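Written out below as C-alpha cells is the structure these notes cover.
Just so you know, all these numbers are worked out from the coordinates, no wet-lab data involved. Bear in mind that the values here come from a model prediction, so they are computed numbers and not experimental data. A quick note on method: Cβ atoms are made from the backbone with ideal geometry, for glycine too, and the neighbour counts reach across all protein chains shown.
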Amino acid sequence: MSETRDALRSTLLEALKAAGAIMRRGFGKARIEYKGRANLVTQIDKACEAKILSLILKRFPDHDYLAEERAPRRRGAEHLWIIDPLDGTTNFAHGYPASCVSIGLARGGEPVLGGIFDPFREELFLAEAGRGATLNGKRIRVTSTPSLDRSLVLTGFAYDRLQRSRFYVEYYRRFMISSHDVRRSGSAALDLAWVAAGRADGYWEFNLQPWDVAAGMLLIREAGGTVSDFSGRDWGGDPSSWGRQTLAANSKVHRGMLRVFDEPGPWRMPDAHKRR
Ligand code: IPD
Ligand code: CA
Ligand code: CA
C-alpha cells in the first residue's frame, strides 16, 4: 500500500521536474499557436504534456488521465491524473516568467496527491491527503489574517473573458474595495499554491478547468485552508466539474469572500458559471 504511495509520489515528482526542465529550456523560444483569439498554446505546453504522460503511463499503464492539450482517457480506472502541463501559457509565451506545471491525482474522485512546480523560482509545492502540504520540503500553512478587509487576494480571468469582461471586472471591483488589494498573476495553479504557502490570503476565479485546480485545491486543504464554490459548498466527487467556481482562502477570509458573493450581483445569472 505505502509502496504504491511512494511510487505514485516519486512518479509525480519526476514528471514535475522533467516538465519544469522543458519549460526552462524553452523559455523565450515559444512558438505561439492560437486555440482562440486570446487563447494560446505553445510547442512547450505540448512537449511538457507528452513527457509527463509518458512517465506516468510507463509506470501506471492502466491509469486514466485528464490533460489540457489532448482528449481525456476515462476508462473507469480508480486513479485519474489531472494535468496542466504548463499553467500560465500567456505569461510563458510572452517571456514573462510566471508559470508552472501542475499535476493532481484523484482516487475514486477524491484528491490524494497534488504537486505544483515553478521552474523559475525552483519551488516545488506538494500535498498528500491527510499528510500536509510542503514547499521544497518545508511545511506550509495558509495565513491567519482575520478578515477580508485586511487581506491580499488573488484572481484571474478565464478564457471567456473576451465575452464577459464587464462581469469579471465587476467582481474585481468588489474585492478591490473590500480587501487591501487584488493581484492577477496569470497562473491559477501558482495562485492556489501561493495562498497555501501564506503569501496571500484568498483567491477566486470563475470557469476554471479541473487541471488548473486539481493540485492547488489539495494544497490549500492540506495547508489548513478552505476550498468551495461561491455558495460555500464543497466541489464534490466528480473531478470534471472541479474549478467551475473556485473560492480558496483561510477560513476567516473565506467567510468574508462568501459575503461578497452573497450580495446581489451578476454571478447568479443562469449562465454565469457555464464554461464556454
Ligand atoms: C490559465 C491561467 C490563468 C487563468 C486562466 C487559465 P493556462 O491557464 O491559469 O491564470 O486566469 O483561467 O485558463 O491556459 O495558462 O494553462
Ligand atoms: Ca491552466
Ligand atoms: Ca495550460
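Taking the empirical scaling 2.2 N^0.38 Å for compact globular proteins as reference, region 148-273 has a Cα radius of gyration ratio of 0.94.
In which sequence would M257, M176 go, from the one with the fewest C-beta neighbours within 10 Å to the one with the most?
On the way: M257 28, M176 14.
Placing the least packed residue first, the sequence is M176, M257.
Dipole check for region 2-139: with +1 at the C-beta of Lys and Arg, -1 at the C-beta of Asp and Glu, and the Cα centre as origin, the magnitude is about 280 Debye.
Amide hydrogen proximity for I140: with H placed 1.01 Å from N in the peptide plane, the residues at 5 or more positions away or on another chain lying under 5 Å are A133, T134, L135. Taking the number of Cβ atoms within 10 Å of each Cβ as an exposure proxy, the fewest-first ranking of Y172, Y203 is Y172, Y203. Against the chain, whose longest principal axis is taken from its Cα atoms, helix 2-26 shows a tilt of about 80°.
If you rank W235, W204 by fewest surrounding Cβ atoms within 10 Å, what's the result?
On the way: W235 19, W204 24.
Result, fewest neighbours first: W235, W204.
Summarising the amide proton neighbourhood of D87: residues at separation of 5 or more, or on other chains, whose placed amide H is nearer than 5 Å comprise C100, V101, S102. Excluding the site residues themselves, the longest part of the chain lacking any GluC sites (Glu not before Pro) in a DSSP loop with at most 12 other Cβ atoms within 10 Å is 123-276. Ranking C100, I82, Y34 by Cα position along the charge dipole of region 2-139, where only Lys, Arg, Asp and Glu carry charges on their C-beta atoms, puts Y34 farthest toward the positive end. Each residue of region 194-209 was assigned a 3J(HN,Hα) from its phi angle through the Karplus curve 6.51 cos²θ - 1.76 cosθ + 1.60 (θ = phi - 60°); the sequence is 6, 5, 4, 7, x, 8, 8, 9, x, 7, 9, 7, 8, 6, 7, 10 Hz, with glycine and proline shown as x. Please report, in debye to the nearest 20, how large the charge dipole of region 148-273 is about its Cα centre when each Lys and Arg carries +1 at its beta carbon and each Asp and Glu carries -1 there. Approximately 300 debye in magnitude.
What value, in deg cm²/dmol to 500, does the helix sum -39500 (n - 2.57) over DSSP H runs of n ≥ 4 give at 222 nm once divided by the residues of the chain?
Working: 7 runs with 95 residues, N = 276.
Computed mean residue ellipticity for the chain: -11000 deg cm²/dmol.
Relative to the compact-globule scaling 2.2 N^0.38 Å, provide the ratio for the alpha-carbon radius of gyration of region 2-139. Please list the in-between numbers first.
Numbers: Rg = 14.8 Å, N = 138, 2.2 N^0.38 = 14.3 Å.
In units of the globular-protein estimate, region 2-139 measures up at 1.04.
Each label point was placed 7 Å from the Cα along the Cα-to-Cβ direction; for E263 and L162 their separation is 3.0 nm. Calculate the FRET efficiency for S144 and E33 from the Cβ-Cβ distance with a Förster distance of 35 Å, rounded to the nearest 0.05. According to the calculation, E is roughly 0.20.
Using only Cα atoms, what is the ratio of the radius of gyration of region 1-57 to 2.2 N^0.38 Å? Walk me through the intermediate numbers first.
Numbers: Rg = 14.4 Å, N = 57, 2.2 N^0.38 = 10.2 Å.
Ratio of Rg to 2.2 N^0.38 Å for region 1-57: 1.40.
Converting phi to 3J(HN,Hα) with the Karplus coefficients 6.51, -1.76 and 1.60 and the offset θ = phi - 60°, region 172-177 yields 4, 4, 4, 6, 4, 7 Hz in sequence order, with x at every glycine or proline.
A Stokes-Einstein calculation at 37 °C with viscosity 0.692 mPa s, built on the Kirkwood radius of region 107-206 over Cα pairs, returns a diffusion coefficient of 220 µm²/s. Taking amide H positions as modeled 1.01 Å from N, with prolines and chain starts lacking one, the residues under 5 Å from V112 and 5 or more places away or on another chain are L105, A106, R107. The calculated FRET efficiency for S2 paired with S231, based on their beta-carbon distance and R0 = 35 Å, is about 0.40.
Based on the Kirkwood approach, the hydrodynamic radius assigned to the chain is 18.6 Å, with every pair of different Cα atoms included.
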